[in-house]
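Taken together, the values in this text are just the output of simple stated rules run on the coordinates, not laboratory data. Model, not experiment: these values are computed from the prediction. Neighbour counts are summed over all protein chains in view; Cβ atoms, including those assigned to glycine, are modelled from backbone coordinates with ideal geometry.
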Amino acid sequence: MSRSFDSAAAPCGAPLPQVALLGTGGTIAGVADTPLEQISYQAGVLSVECMLESLPGIDGVARIASRQCGNLPSEDMRPCHWAKLGRDCGAALNDASMCGVVLTHGTDTLEESAFYLHLTMSSLKPVVLTGAMRPATSLSADGPINIRDAVAVAASPGARGRGALIVMNGRILSARTAVKAGTLDVEAFCALESGLLGRVINGRPVFYHKGEDEPPLAGTYAAHAGQERLPRVDVLYACAGMPLDAVLFSMERSAGLVVAGMGNGSMPSDVRKALAGAVAAGRPVVRASRTGGGPVTDLDGYAPFIASGMLSAPKARVLLMLALAEAARQGAQSPQALTAGVRRAFECCHEA
C-alpha cells in the first residue's frame, strides 16, 4: 500500500505513543487447515489489519498506525525487498508522530532483514522486528503476544538508540547478534555469546543495561538504505570433500564470498588456495563458521581472508554486500584498498 501515515496524530511525549506497525507476511500471517496444524500451512495470507483484530488490549499499549508493506514467506525475501523495507521503515521513522516501528516478518530470514535495517537505519527511534513460529490459526499461536510485546518495546523510551531489535517469545535481542537457532520451538532466537538485552515481563519491557551511545555499525550504511541492487555475495558451505568446481563457479560470478567454514572458519586447502586468488583479484572473502556458536578469529595461513567474528554466515553476507557497495561509492581503485575497506567494517563489528 502506498498511503502515508497520519502525521496529524499526537507527537511523541503524548500520554500514549504512536507506533507504526508494518506487515510483510511470514508464518505470523499464516493460515493452516486446522487449529492443530503447526507445520504445514500457507504463510503470508493475513493482512496486518486482520492480525490486529486478535490483539485485544493493544490500544492500551500504543496507538497503532498499520500498513501492509508486502505479504510473502520470508524464504522468498531478496535484497530488493530489503530495499523496500528500508524505504518503508525510513518513512515511518521520519514521521514526527511515530515513536518507533514494528515490522512483522517471517522468521526464516528475519535475522538478515533485521541486520540490514540495523546497518541502514540511522534514526534513534527503535525498529523492532517480530514474527511467529506457529501460524495465526494455531491453537497456541505465538504471533499475537509477540506483536503486543514488540509494540511495547517500540513504544518504550528504553529502546531508543539501540539499533534494530528483535522481540520473540518475550526476549529482547539486538539485531546485530541474534540468530535463529530452532526449527519448531517458539523460543527460536538467541544470542549465544552476548545474551539478551532484556525481556518483556507481563507486558512491560525490562532492559538489563543502558543503551550504548553508538551501537556498533548502527546506521553505518544509511547512504544505501533503499538501494535496489547490491553487489552479489555468495555463501559457500565448507564440508569434507567440498567440491572445488562449486567454489570456482561462485568466484566467477560474485563480488565477494562468505565461507561458512568448519570449526573456527577453516576450509580444505585447495579451496583456501583458490579463494586466496579471488582476494588478489579484488573479491574479498569472509570466513564464518558452520558451527553456530563462538567467534571466528584470525588463523595462521588464512591471512588474506577476513574473520567474521561473532557474525553468522548470513549476517556476514549482509555486511559484506553493504561494505562492497560503500567501497564502490567511495571509489576504491585497487583490490588492496577494497579489501582494506571491507576489513575495517568487520573490525568495527568485532570491537563491540
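Just a few scattered comments:
- Residues of type aspartates and glutamates that K273 reaches as a straight line, Cα spacing below 19 Å, ignoring anything fewer than 8 places off in the same chain: D234, D245, E252, D298, D300
- Point-to-point label distance, F207-A337, nm (Cα→Cβ direction, 7 Å offset): 3.9 nm
- Max mean-square fluctuation residue, GNM over the chain, Cα-Cα springs under 10 Å, options S74, S269, S123: S269
- Global geometry of the stretch 252-352, whether rounded, prolate or oblate, following the gyration tensor of its Cα atoms and the 1.5 cut on a/c: oblate
- Where [x] 133; [y] 120; [z] 155 are the candidate values, the label of the one calculated here for volume of the Cα convex hull per residue in Å³ is [x].
- Modelled spin labels at T183 and A222, positioned 7 Å past Cα toward Cβ, are 4.2 nm from each other.
- Percent antiparallel among DSSP beta bridges (both partners in the stretch 216-300, rounded to 5): 10 percent
- Over the chain: helical MRE at 222 nm, DSSP H runs n ≥ 4 each giving -39500 (n - 2.57), nearest 500: -9000 deg cm²/dmol
- In summary, the lysines within cross-link reach of K315, defined as a Cα separation below 17 angstrom excluding same-chain residues under 8 places away, comprise K180.
- Shape of the stretch 69-200, Cα gyration tensor, a/c cut at 1.5: rounded
- Rounded to the nearest 10 degrees, the angle from helix 79-94 to the longest Cα principal axis of the chain is 50 degrees.
- Each DSSP beta bridge with both residues in the stretch 107-264 is either parallel or antiparallel, and the antiparallel ones are about 65%.
- Highest-fluctuation residue, E111, E214, E326 considered, GNM on the chain with Cα pairs under 10 Å: E214
- Relative to the longest principal axis of the Cα atoms of the chain, the long axis of helix 110-120 lies at roughly 80 degrees.
- For V286, distant residues with modelled amide H under 5 Å away: L257, V258, V259, I306
- Between helix 335-350 and the chain there is an angle of about 40 degrees, using the helix long axis and the longest principal axis of the Cα atoms.
- Cross-link reach list, lysines versus K125, counting only Cα pairs under 20 Å and skipping chain neighbours closer than eight places: K84, K210
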